[in-house]
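Engineer: Would you mind keeping the following structure in view while I ask a few things?
The values are calculated or read from the model by the stated rules, or taken from the named source; none is laboratory data. Computed from a predicted structure; not experimentally measured. Cβ placement follows ideal geometry from the backbone for every residue including glycine, while neighbour counts extend to all protein chains displayed. Keep in mind that these areas ignore ligands, DNA and RNA; they rest on the heavy atoms of the full protein, side chains included. Shrake-Rupley method; radii C 1.70, N 1.55, O 1.52, S 1.80 Å.
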Amino acid sequence: MTLTELKYIVAVARERHFGKAAEACYVSQPTLSVAIKKLEDELEVKLFERSAGEVTVTPLGEQIVQQAQSVLDQAASIKEIAKRGKDPLAGPLNLGVIYTIGPYLLPDLVRQVIARTPQMPLVLQENFTAKLLEMLRAGEIDCAVMAEPFPDTGLAMAPLYDEPFMAALPVNHKFAGRESITSEELQNETMLLLGTGHCFRDHVLEVCPEFARFSSNAEGIRKSFEGSSLETIKHMVASGMGVTLVPRLSVPAEALKPKAKGKKDSEQMVRYLPVRDAHDRDPPTRRVVLAWRRTFTRYEAIAALRNAIYACELPGVKRLS
């Protein structure tokens, strides 16, 4: 039994005609007919019923043709694997990204990858850090963009950038006219937090640890302090429900531009301020890294992805080498 013979029987089953199947396979009809007869003799079954001008597949032949197609598909995938081995940039790259990075990095990143390595399309997956780590271990994704810290799982990692936090306040807040705000001043405010599972929630609680009491066992209105996404929380800030911390890349560019003459504050409902430390320590930031399995062999693909990330605008962050 050969792959060529399997290709022939699939072609006959598809065309329902020996002559047309031979043309599709670029061989003569006698060559195709002899090969199929040889396979039928080897298997000791009849694959096709031949009648005047018509070919039908026997019930057992249907099962064998179906399996033959599966074998041919698997054989083709072996060639694809070999092709990717010769060119590590050929073929999709499965990339995971945490929820608080994806919306702000991916649009620019996808454009950069398409322009730089069109032969390496990104297959994207947004999820929590814990889930992305599971998917990395299981081989369901090839690499992930996440924020430290996370459990040491023996992954290879490359630092991408340090991203400062910014405070988001309602435009009519008493501090909205300031140039900056301290973490100590935030501790006296109603803090809106992401729900449990978001690593950025933990980052905010590191800056303002006393807000940890507004956790999953909180009662009443305190439960409304948690939101499902940064964008949801920004809307809650705009409505005056409280303040929050957001990563720098999530801040709209127009929100940081000088206010145009005659523009009303109401047109921009959220004010974003840099967070500084009252004791002149480094302002709060998060480190964003690219992680992948140490057994992943497409090193050039990882390097190309990292270069594409560096080619993104990434306003306000400190790029790391």
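Engineer: For the stretch 18-84, what class follows from the C-alpha gyration tensor (a ≥ b ≥ c being the square roots of its eigenvalues): rounded when a/c is under 1.5, otherwise prolate if a/b is larger than b/c, else oblate?
Structural biologist: The shape class here is prolate.
Engineer: Counting each pair of different Cα atoms once, what's the Kirkwood radius of the chain in Å, rounded to one decimal?
Structural biologist: When all Cα pairs of the chain are included, the Kirkwood radius is 24.2 Å.
Engineer: Does the stretch 82-159 come out rounded, prolate or oblate, given a ≥ b ≥ c as the square roots of the eigenvalues of its C-alpha gyration tensor, rounded meaning a/c under 1.5 and, failing that, prolate meaning a/b above b/c?
Structural biologist: oblate
Engineer: May I pose another question? Would you kindly state how much longer the chain becomes between K174 and D87 on full extension, computed as 0.36 nm times their sequence separation minus their alpha carbon distance, in nm to one decimal?
Structural biologist: Length gained between K174 and D87: 25.5 nm.
Engineer: Here is a follow-up. Compute the angle between helix 299-311 and the longest alpha-carbon principal axis of the chain, please, reported from 0 to 90 degrees and rounded to the nearest 10.
Structural biologist: That works out to roughly 40 degrees.
Engineer: Continuing with the same structure: Taking the chain as the reference, fit the longest principal axis to its C-alpha atoms, fit the long axis of helix 29-43 to the helix C-alpha atoms, and give the angle between the two in degrees, 0 to 90, nearest 10.
Structural biologist: Between helix and principal axis, roughly 80 degrees.
Engineer: May I ask for the distance between the Cα centers of the stretch 38-68 and the stretch 5-26, given as a whole number of Å?
Structural biologist: 12 Å
Engineer: So if R0 is 56 Å, what FRET efficiency would Q66 and K257 give, r being the distance between their Cβ atoms, rounded to the nearest 0.05? Before the final figure, lay out each step's value.
Structural biologist: On the way: r = 62 Å, r/R0 = 1.10.
Once the sixth-power term is evaluated, E becomes 0.35.
Engineer: In degrees between 0 and 90, to the nearest 10, how far off the longest principal axis of the chain does helix 102-116 point, with axes built from Cα atoms?
Structural biologist: The angle comes out at about 50 degrees.
Engineer: Within the accessible area of the chain, what % is carbon and sulfur when the probe is 1.4 Å and the other protein chains stay in place?
Structural biologist: 53 percent
Engineer: Using a Förster radius of 25 Å, what is the FRET efficiency between T31 and M1 based on their Cβ-Cβ separation? Nearest 0.05, please. Before the final figure, lay out the partial values.
Structural biologist: Values: r = 17 Å, r/R0 = 0.66.
Rounded to the nearest 0.05, the efficiency is 0.90.
Engineer: If contacts are Cα pairs under 8 angstrom and at least 6 residues apart, what is the relative contact order of the stretch 20-117 in percent?
Structural biologist: Computed over the stretch 20-117, the figure is 10 percent.
Engineer: Mind computing the radius of gyration and Dmax over the alpha-carbon atoms of the stretch 1-157? Å is fine for both.
Structural biologist: That works out to 23.8, 73 Å for Rg and Dmax.
Engineer: While we're looking at this one, here's another question. Could you grab the relative contact order for the chain? Cα pairs under 8 Å, six or more apart, rounded to a whole percent.
Structural biologist: Rounded, it is 23 percent for the chain.
Engineer: Still on this structure, please answer the following. Quick one: Kirkwood hydrodynamic radius for the stretch 129-178, alpha-carbon pairs, angstrom, one decimal?
Structural biologist: 14.0 Å
Engineer: With a 1.4 Å probe and all protein chains left in place, how much accessible area per residue does the stretch 115-197 have, in Å²?
Structural biologist: Heavy-atom SASA per residue in the stretch 115-197 reads 44 Å².
Engineer: Here's another thing I want to ask about it. Work out, step by step, the length gained on full extension between A156 and M269: first 0.36 nm times the residue separation, then minus their alpha carbon distance; give nm to one decimal.
Structural biologist: 36.5 nm
Engineer: What is the gain in length, in nm to one decimal, between V45 and E313 on full extension, counting 0.36 nm per residue of separation less the C-alpha to C-alpha distance?
Structural biologist: Full extension from V45 to E313 adds 90.0 nm.
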